[in-house]
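K.L.:
Here it is: the structure, laid out below.
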Amino acid sequence: MPPAVWLQIVPTSQGTFTIKGGHDIDAGWMNQVRRNNTNVKIVPRLIFEQWSISHLTKVTTSQSELLHVVQTILDFLSDEKFDGVVLELWRQFMGKEKANLHRLIIAISEGLSEKNMETLLVIPPGFRPFPELFDKFDFEKLHPHVHRFIMMTYDHHHATGKPGAIGPMDWALRNVLLLMEHNDNDKHRHKLMLGLNFYGVDFTNRGQAKPIISHEYIQLLKATKPSQLSWHLKASEHSFEYRDEDGMHIVFYPTLKAIQRRIEAATNFRIGLAIWEIGQGLDYFYDLF
């Protein structure tokens, strides 16, 4: 289920809402993917850009406004022949206005379901050091309506402010357990997808953190020729160190062993995986799937 493009639903000066980003849709690519696999579903990510709490309140307290937003999304997805949508809105409201968020997400999901489209929701991690913005009660409220929950179990270093593993596996799985420990949530764990980064990060001892993708990683290996990779047991990630004019660096980047551990964990936990993102990893990563 690849997300084909980033779209934005934005408020207009006329008080309505419109979807932008359609110029980036590659219909030829979509057709080719579907020819190669007739079971694949293609869904775009939809960002609620320029939305404030007042926009959210206005939409969710007026049935006509809510129907307008749902119809705007549904018409666009139908016209572009998408199979659903990935909603990206939870984190921007920082855990506020949950009742209104629930109302909006459920309305969108119900509208899409009538057209046999699926709704996926991106959710932030909630286990420390991250704040618990999306919790087990939110999962309980939404799992009857949302087809998949994509948990952003990467960028762990953003919360710690220190060099380290990007998506430590022990921490990632604690996030899963945090949502499951309530009523019958565990029966719906198959709807949860663990975020799996295919990018890496080059940390300096000056506090800088530069994201790197496949070709940059290969260039670093050729330039620095590290003697070995270090395995971090709890995090289940590899790293190596090198020195240049800026001082010491430590680089974390996915490896086959790290990815295989996450595939095994997802299988054991009966959950899915969501790769962030296709094209950032090495070609042979896909041999594991």
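K.L.:
Have a look at the chain and give its Rg and Dmax from the Cα atoms, expressed in angstrom.
P.N.:
In order Rg, Dmax, the Cα atoms of the chain give 20.2, 64 Å.
K.L.:
So what is the orientation-averaged projected area of segment 1-155, using the convex hull of its C-alpha atoms, in nm²?
P.N.:
9.7
K.L.:
Here's another thing I want to ask about it. Which lysines have a Cα less than 23 Å from the Cα of Lys20, not counting those fewer than 8 places away in the same chain?
P.N.:
Lys41, Lys58, Lys81, Lys115
K.L.:
Continuing with this model, one more query. Excluding residues on the same chain fewer than 8 positions from Lys187, give the lysines whose Cα lies under 18 Å from its Cα.
P.N.:
Cα-Cα hits under 18 Å: Lys136, Lys141.
K.L.:
Could you state the orientation-averaged shadow area of the convex hull built on the Cα atoms of segment 82-176, in nm² to one decimal?
P.N.:
Projected over every direction and averaged, the Cα hull of segment 82-176 covers 6.5 nm².
K.L.:
Turning to a different aspect of this structure: Roughly speaking, to the nearest percent, how much of segment 138-268's 1.4 Å accessible area is carbon and sulfur?
P.N.:
51
K.L.:
Cα to Cα, under 16 Å, and not fewer than 8 places away if on the same chain: which lysines meet these conditions relative to Lys257?
P.N.:
Lys234
K.L.:
Okay, next question. Stick to the Cα atoms of segment 167-289, pair each with every other, and give me the Kirkwood hydrodynamic radius in Å at one decimal.
P.N.:
15.7
K.L.:
Counting only other residues whose beta carbon sits under 15 Å from that of His238, what net charge do I get with K and R as +1, D and E as -1?
P.N.:
Value of the local net charge: +1.
K.L.:
Could you tell me the distance between the Cα centroids of segment 78-94 and segment 1-72, to the nearest Å?
P.N.:
If you average the Cα positions of each part, the centres end up 5 Å apart.
K.L.:
Between the helical axis of 98-113 and the dominant principal axis of the chain, each derived from Cα atoms, what acute angle in degrees is found, rounded to the nearest 10?
P.N.:
Taking the Cα atoms of the chain, the angle to 98-113 is about 80 degrees.
K.L.:
Sticking with this structure for a sec: Once amide H atoms are placed 1.01 Å from N in the peptide plane, what residues at a sequence separation of 5 or more from Met248, or on another chain, have their amide H within under 5 Å of its amide H?
P.N.:
Residues meeting the criterion, in which the H sits 1.01 Å from N, are Asn205.
K.L.:
With axes computed from alpha carbons, what is the tilt in degrees of helix 27-36 against the longest principal axis of the chain, rounded to the nearest 10 within 0 to 90?
P.N.:
Helix 27-36 sits roughly 70 degrees off the main axis of the chain.
K.L.:
Springs between alpha-carbon pairs under 10 angstrom, Gaussian network model over the chain: which of Ala159, Ala265, Ala107 fluctuates most?
P.N.:
Of Ala159, Ala265, Ala107, the most mobile in the Gaussian network model is Ala159.
K.L.:
Moving on. Under the Kirkwood approximation for Rh and a Cα-based Rg, what ratio Rg/Rh is obtained for segment 176-222?
P.N.:
Using Cα coordinates only, the ratio equals 1.29.
K.L.:
Add -39500 (n - 2.57) for each DSSP H run of 4 or more in the chain, then divide by its residues: what number comes out at 222 nm, to the nearest 500 deg cm²/dmol?
P.N.:
-10500 deg cm²/dmol
K.L.:
Check each of the GluC sites (Glu not before Pro) in segment 183-251 and keep only those in coil by DSSP with at most 10 other C-beta atoms within 10 angstrom; list them in order.
P.N.:
Passing sites in segment 183-251 are Glu245.
K.L.:
If you don't mind, another one. Solvent-accessible area per residue for the chain at a 1.4 Å probe radius, Å²?
P.N.:
Counting only protein heavy atoms, the per-residue value for the chain is 50 Å².
K.L.:
Among the trypsin sites (Lys or Arg not before Pro) within segment 132-235, which fall in a DSSP loop and have no more than 14 other Cβ atoms within 10 Å of their own Cβ?
P.N.:
Arg206, Lys234
K.L.:
If you keep only loop residues by DSSP, which GluC sites (Glu not before Pro) in segment 1-102 have at most 11 other Cβ atoms within 10 Å of their Cβ?
P.N.:
Hits after loop and neighbour filter: nothing returned.
K.L.:
Another one. Considering the Cα trace of segment 12-51, what is its radius of gyration and what is Dmax, both in angstroms?
P.N.:
Using the Cα atoms of segment 12-51, the pair Rg, Dmax is 14.4, 43 Å.
K.L.:
Write down the percent of antiparallel bridges among all DSSP beta bridges whose residues are both part of the chain, to the nearest 5.
P.N.:
Here the antiparallel bridges make up roughly 50 percent for the chain.
K.L.:
Would segment 56-124 count as rounded, prolate or oblate if I go by the C-alpha gyration tensor, calling it rounded below 1.5 in a/c and otherwise prolate when a/b exceeds b/c, oblate otherwise?
P.N.:
Verdict is oblate for segment 56-124.
K.L.:
To continue, here is another question. How big is the convex hull of the Cα atoms of segment 107-245, per residue, in Å³?
P.N.:
134
K.L.:
Under a Cβ-Cβ cut-off of 13 Å, what is the net charge of the residues other than Glu49 that fall near it, where Lys and Arg count +1 and Asp and Glu count -1?
P.N.:
Counting the neighbours of Glu49, the net charge comes to +1.
The values are calculated or read from the model by the stated rules, or taken from the named source; none is laboratory data. This structure is a prediction, so every number in the text was calculated from the model and none was measured. A quick note on method: Cβ atoms are made from the backbone with ideal geometry, for glycine too, and the neighbour counts reach across all protein chains shown. Ligands, DNA and RNA are excluded from the accessible area calculation, which covers all protein heavy atoms including side chains. Shrake-Rupley method; radii C 1.70, N 1.55, O 1.52, S 1.80 Å.
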